[in-house]
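Worksheet: one structure, shown below.
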Amino acid sequence: MSLLDELADQEARLVFRAFDNEVALELGAFLLDAARARALPVTVSVRRGAQRLFHAALPGTSADNDEWIDRKSRVVDRYGQSSFRVGESFRAAGKDFDRDSRLDPDRYAAHGGVFPVLVAGVGMVGTVGVSGLPQAEDHAFVVERLEEFLATR
């Protein structure tokens, strides 16, 4: 299975039955607790639409991580796919997202770490993401935590 196939499969599997403010807060706390347990220097964000419902920044992060989350979230909002998948799609096609997307790189970043919040029968309703690790690790952390969170609900 190619990386692009794996990323598409993750989005097909990691789907919520419902998503509201309470679920967003639980999800954010779930990611935050795991990041704290591993002493990861990450910022965690959960949004529904344009509303940020959960945001926390652990030691070792800065305001730059907030900007990275926002830039990666805009990519997910625009493409409806994880920020890592969008970036990988451009790379696999021999293209450079910053140049070939024709989007402002100060506002959009196709780097791993933000994942769409998908609801069965509805589609994408928000985003969940982290910033602070190398992009593949940001993405893997979010996917791992989503898998466990959804398995318990």
Worksheet entry | Conditions (1) under 23 Å from Tyr108 (Cβ atoms); (2) in contact (Cβ under 8 Å) with a residue 24 or more places away in the chain; (3) not basic (Lys, Arg); number of the one not met by Tyr79 | (2)
Fill in: Options Ala50, Ala39; residue that is on the phi > 0 side of the Ramachandran plot, more than 12 Å from the chain's Cα centre (by Cα) and of a type in the set (A, V, I, L, M, F, W, C)
Ala39
Item to complete: Go through the residues of segment 33-40 one by one and say whether even a single one is surrounded by 13 or more Cβ atoms within 10 Å (Cβ to Cβ) and without any contact (Cβ under 8 Å) to a residue 40 or more places away in the chain.
Response: yes
Worksheet item: Which ones in segment 112-153 are part of a loop (DSSP other than H, G, I, E, B), modelled with pLDDT of 95 or more, at negative phi and surrounded by fewer than 21 Cβ atoms within 10 Å (Cβ to Cβ)?
Response: Ala120, Val122, Leu133, Pro134
Worksheet item: Does Ala24 count as over 18 Å from Ala136 (Cα atoms), touching a Lys or Arg at 6+ places or on another chain (Cβ under 8 Å) and among the small types (Gly, Ala, Ser)?
Response: yes
Discussion item. Suppose we filter segment 56-100 for residues that are in contact with a Phe, Trp or Tyr (Cβ under 8 Å, 6 or more places away or on another chain), of a type in the set (Asp, Glu) and in a helix (DSSP H, G or I); how many remain?
Written reply: 1
Worksheet, complete the sentence: Those residues of segment 30-51 which are in contact with a strand residue (DSSP E or B) (Cβ under 7 Å, 6 or more places away or on another chain) and assigned to a strand (DSSP E or B) amount to Thr43, Val44, Ser45, Val46, Arg47, Arg48
Discussion item. Please go through segment 62-80 and give me each residue that is in contact with a helix residue (DSSP H, G or I) (Cβ under 7 Å, 6 or more places away or on another chain) and surrounded by fewer than 21 Cβ atoms within 10 Å (Cβ to Cβ), ordered by number.
Written reply: Tyr79
Discussion item. Looking only at segment 1-29, count every residue that is in a helix (DSSP H, G or I), buried (at least 17 other Cβ atoms within 10 Å of the Cβ) and either without any contact (Cβ under 8 Å) to a residue 24 or more places away in the chain or not charged (D, E, K, R) (or both) and tell me the total.
Written reply: 6
Practice prompt. Among the residues of segment 94-153, count how many are under 21 Å from Glu67 (Cα atoms), charged (D, E, K, R), in contact (Cβ under 8 Å) with a residue 24 or more places away in the chain and touching a helix residue (DSSP H, G or I) at 6+ places or on another chain (Cβ under 7 Å).
Written response: 1
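The values are calculated or read from the model by the stated rules, or taken from the named source; none is laboratory data. In this text, all values refer to a predicted model and were calculated from it rather than measured experimentally. Using ideal geometry, Cβ is built from the backbone for each residue, glycine included, and neighbour counts are taken over all protein chains shown.
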